[in-house]
Amino acid sequence: PVPNFHNLLNNYSSGYLKVPVVGAGTANTEFEVLTGMSMQYFGTGEYPYKTTLKEIDSCESIASDLGSLGYGTHVVHNNGGNFYSRANAFSMMGFDTFTSKELMNITEYTPLGSWPTDDILVDETIKSMDATPDQQDLVYTITVQGHGDYPTEKVIENPEITVSGAKDEATNNQWEYYCNEIHEMDNFVKELTDALADYPEDVILVMYGDHLPTMGLTVEDLKNKYLFQTQYVMWDNFGMEKKDVNLAAYQMAAEVMDRAGIHEGTIFRYHQARRNTRNYQVD
């Protein structure tokens, strides 16, 4: 279902990404990626977007750190701006702009009508970059098309990807729906990388899964035998060396900035200097 993503995994820096959630909880993976802070420092089941980020005036993030270096910082998301209290959270993290569903002309939806399709995000991402001709940019784009719930009845009449071999027809239908939605997301990946390949600036594009789907998966179902891992790829348009490494979500921003020669912000500099050293987690 995802040949473009697999092609990128084989040809660009990639690896497994340890995430704090499975089946749901996108905002907490997002929080780790953007701030460099692990969810283990928060309460069980807590969403910092809904707690800590409503109690403080600002929070160091990759946005505030790159913003201090003169970057424009933007979020693009084809869902409602207040979901997970994101509008407030992104403001506290120092993002300049947030283009949510309310500001997009969305006409295409998934077969169930639950979520917008992701193809609209190609133009919206480029638009954010074009809006600041005199600045470099950080654009954080959040997709939605692959989200559940996945229907137990057959919904797509002539699916491009067909699925068989599950325990019953209802489960087959769920996997078929899921696989066709991520297949379309994979087409979006190709459209986005094609658009950015010719962009007149150096671009690093990091794509990762926020969590595995809500499909009752067990460790036995997975090649890597771990439910709290997804995959990431670090694509670029200027020929960075391929370097495969497994990361935690809270290490991702530090790793990307390190690869780009950027050493900014307390927690990101800490990860860059201390990862894989003694007492790293304790300190």
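Using θ = phi - 60° in the Karplus curve 6.51 cos²θ - 1.76 cosθ + 1.60, the 3J(HN,Hα) couplings for the stretch 21-33 round to 9, 9, x, 5, x, 2, 4, 7, 5, 4, 4, 4, 4 Hz; x is entered for Gly and Pro.
Placing pseudo-labels 7 Å out from each Cα toward the beta carbon at VAL245 and VAL155 gives an inter-label distance of 3.9 nm.
Taking all protein chains together and rolling a 1.4 Å probe, ASP258 ends up with roughly 70 Å² accessible. For the pair the stretch 145-209 and the stretch 78-128, the centres of their Cα atoms are 18 angstrom apart.
Can you compute log10 of I(q)/I(0) for the stretch 234-283 with the Debye formula, treating each Cα as one identical point scatterer, at q = 0.15, 0.29 Å⁻¹? Treating every Cα as an identical point scatterer, log10 I(q)/I(0) equals -0.43, -1.25.
Ordering ASN172, THR277, ILE182 by the projection of their Cα atoms onto the charge dipole of the chain, which places +1 on the Cβ of Lys and Arg and -1 on the Cβ of Asp and Glu, puts THR277 at the extreme positive end. Simple point charges give the picture: +1 on the Cβ of Lys and Arg, -1 on the Cβ of Asp and Glu, and for the chain a dipole about the Cα centre of about 1120 debye. By DSSP, the beta bridges lying fully in the chain are antiparallel in about 50 percent of cases.
For the stretch 148-283, the mean projected area of the C-alpha convex hull, equal to one quarter of the hull surface, is 11.5 nm². Sequence-ordered 3J(HN,Hα) estimates for the stretch 113-129 from the Karplus curve with 6.51, -1.76 and 1.60 and θ = phi - 60° stand at x, 6, 9, x, 6, 8, 4, 5, 6, 4, 5, 5, 5, 4, 4, 5, 5 Hz, glycine and proline given as x. Between the stretch 46-66 and the stretch 214-283, what is the C-alpha centre distance in whole Å? The stretch 46-66 and the stretch 214-283 have Cα centres separated by 20 Å. Ignoring lysines fewer than eight residues from LYS223 along the same chain, the ones with Cα atoms less than 28 angstrom from its Cα are LYS18, LYS154, LYS167, LYS190, LYS242, LYS243.
Per-residue Karplus couplings for the stretch 141-158, computed as 6.51 cos²θ - 1.76 cosθ + 1.60 with θ equal to phi - 60°, are listed in order as 9, 10, 8, 9, 4, x, 5, x, 6, 9, x, 7, 9, 6, 10, 8, 5, 10 Hz, Gly and Pro entered as x.
For the pair TYR226 and THR44 in one chain, pulling the backbone fully straight at 0.36 nm per residue adds 63.5 nm over the alpha carbon distance. Scoring 144-151, 89-96 by mean Cβ neighbours within 10 Å over their residues and listing the highest first yields 89-96, 144-151. For SER13, nonlocal amide neighbours, meaning residues 5 or more places apart or on other chains whose placed amide H falls under 5 Å from its own, are MET234, LYS243.
A crude spin-label estimate for the pair GLU201 and THR162, with each label 7 Å from Cα along the Cβ direction, gives 4.6 nm. Remark: the chain projects, on average over all directions, an area of 15.5 nm² (convex hull of Cα atoms).
The values are calculated or read from the model by the stated rules, or taken from the named source; none is laboratory data. No experiment lies behind these values; they were computed from the predicted model shown. Because the Cβ atoms are built from the backbone with ideal geometry, glycine has one as well, and the counts that use them run over all protein chains shown. These area figures cover heavy atoms from the full protein model, side chains too; ligands, DNA and RNA do not enter into them. Shrake-Rupley method; radii C 1.70, N 1.55, O 1.52, S 1.80 Å.
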